[in-house]
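Let me begin by presenting the structure, written as structure tokens, before commenting on it.
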Amino acid sequence: MKTKITAVIIVCLTACSFIWNFNDVSASKGSLTAGDTLVYAQEKHFKNMQMLTNGGENAEAYFSFDGSKIIFQSTGEYECDQIFIMNTDGSGKHLVSTGKGRTTCSYFYPDGKSILYASTHLGGDMCPQKPDHSKGYVWALYSDYDIFKSNVDGTNPVKLTDVKGYDAEATISPKGDKIIFTSTRNGDIDLYSMNLDGSDVKQLTNIAGYDGGAYYSYDGTMIVFRASRFDDPAKLKEYQDLLAQGLIRPGMLEIYVMNADGSNIRQVTSNGAANFGPYFLPDNKRIIYCSNQADPKGRNFDLFLINSDGTGNEQITFNDTFDGFPMFSLHDGGKKFVFCSNRFNAKQGETNVFICDWVE
């Protein structure tokens, strides 16, 4: 999907596998930090920022455990997203998925020798059919999505999930012991954990509504995720009717945390906006996430920082289009920060990967 007037934001609903369209998004505005031409003056946590990609649709960029590589999804020359790896200076970009179907939500294994991603390629070489927007703006939960482990060069992809339904949005604990992922295998959209080889699958959430886009804390004891909940029976029925058709309508998504075993679920945000892409800081106490809370009906998504108890909300980015998919480096206590943004694009509607030093 490429147009000159549409900004395409992959929101690993992921957006991992879902596409959020914003029409006629304006170019970035605002004053810049002296000597740091990609950082706005208000962005006090960023220093020495670099753009690692330059063109197209690039998103979901995540560090390897040793901090030397970044894995991400990109359309590149393909019709649908595929998985690529590059060095942290943007060099050496190369394809590591099959080039078939649609892929999403990639992650490195702790040893750096294997990678994790979701793909529809076993369901067909072509991109899966786009959802019918006569039903309004909806996302498709492609049932052909399964989670794969492959060698870091993309060879020998092995399927880790093998049940009917959507399996995607997988990430690995910084402790290197568990995978968390989203699945519709039991009739709702819930979070599950499994071992790195796909064994010992356990359901972690069971409340009606979407639960997904999850990440472990640095110490592996907590999980942060986005979720939808329905107090209105009519809204719940609408959600369930769409889900039966393999669809979901994006709307209000709040940030939640829970213990790694699924216990003690508690809500972090309560702003009525579309909140997603949460990630723990290395202190295991704060969360950075993407939100349009400043304009819930608008198209401007920024990064915000909040304590895990819901206090101390702070705006981090001040670009007037899109900033999202944040991650801190794992090997050095979070000194480096990677995210994806529409800022300073050569062409309107492109999303690129950026890296910078994180300033406390």
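A short reminder: the numbers here are calculations on the coordinates, not readings from a lab. Predicted model, so just to flag it, every value in this text is computed and none were measured. Cβ atoms come from the backbone with ideal geometry, glycine included; neighbour counts cover every protein chain shown.
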Q) Taking K and R as +1 and D and E as -1, what net charge do the other residues with C-beta under 9 Å from the C-beta of ASP211 add up to? A) -1
Q. Most fluctuating residue of MET86, MET126, MET194 in a GNM of the chain with Cα springs under 10 Å: which is it?
A. MET126
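Sort ARG286, ARG299 so the one with the fewest other Cβ atoms within 10 Å of its own Cβ comes first. Walk me through the intermediate numbers first.
Values: ARG286 15, ARG299 19.
Fewest-to-most Cβ neighbours within 10 Å comes out as ARG286, ARG299.
Just to confirm the filter: which trypsin sites (Lys or Arg not before Pro) across the stretch 134-183 are DSSP coil and have at most 13 other Cβ within 10 angstrom of their Cβ? Show your work: numbers first, answer last.
On the way: sites: LYS135, LYS149, LYS159, LYS164, LYS175, LYS178; in loops: LYS164, LYS175, LYS178.
Here the sparse-neighbourhood loop sites are LYS164.
Determine, from the Cβ-Cβ distance of VAL201 and LYS347 and an R0 of 30 Å, the FRET efficiency 1/(1 + (r/R0)^6), rounded to the nearest 0.05. Write out the running numbers ahead of the final one.
Values: r = 43 Å, r/R0 = 1.42.
The pair VAL201/LYS347 has a calculated efficiency of 0.10.
Just want the ordering: VAL201, VAL224, from fewest to most Cβ atoms lying within 10 Å of their own Cβ. Kindly include the intermediate steps, with their values, before the conclusion.
Values: VAL201 16, VAL224 22.
Least to most surrounded, the residues fall as VAL201, VAL224.
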**Q.** Extended-chain gain in nm, criterion 0.36 nm per residue less alpha-carbon gap, ASP111 and LYS164
**A.** 16.1 nm
Q. Reachable aspartates and glutamates from LYS285, Cα under 19 Å, same-chain residues fewer than 8 places away excluded?
A. ASP219, GLU254, ASP261, ASP309, GLU314, ASP332, GLU360
Q: First measure r as the distance between the Cβ atoms of SER143 and GLU77, then evaluate 1/(1 + (r/R0)^6) with R0 = 25 Å and state the FRET efficiency to the nearest 0.05.
A: 0.40
Q. According to a simple spin-label model (label point 7 Å from Cα along Cα-to-Cβ), what is the distance in nm between ASN307 and ASP295?
A. 3.1 nm
Q.
To make sure I understand the rule: partners must be aspartates and glutamates, Cα under 19 Å from the Cα of LYS135, and not fewer than 8 residues away in the same chain. Which ones qualify?
A. GLU238, ASP241
Q. At ASP231 and ARG185, where each label point lies 7 Å from the Cα along Cα→Cβ, what is the point-to-point distance in nanometres?
A. 3.4 nm
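Could you line up HIS133, HIS121, HIS331 from fewest to most neighbouring Cβ atoms inside 10 Å? Present the calculation step by step, with values, prior to reporting the outcome.
Working: HIS133 9, HIS121 21, HIS331 14.
Placing the least packed residue first, the sequence is HIS133, HIS331, HIS121.
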(Q) Given 10 °C and 1.306 mPa s, compute D for the stretch 6-358 with the Stokes-Einstein relation, Rh being the Kirkwood radius over Cα pairs; round to the nearest whole µm²/s. (A) 80 µm²/s
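For the chain, what does the helix formula give at 222 nm: sum of -39500 (n - 2.57) over DSSP H segments with n ≥ 4, over the residue count, nearest 500 deg cm²/dmol? Could the numbers behind the result be given before it?
Numbers: 1 runs with 12 residues, N = 360.
After summing the helix terms and dividing by the residues of the chain, the value is -1000 deg cm²/dmol.
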Q) With Cβ to Cβ distances under 15 Å as the rule, what net charge do the other residues near LYS100 carry (K, R +1; D, E -1)? A) -4
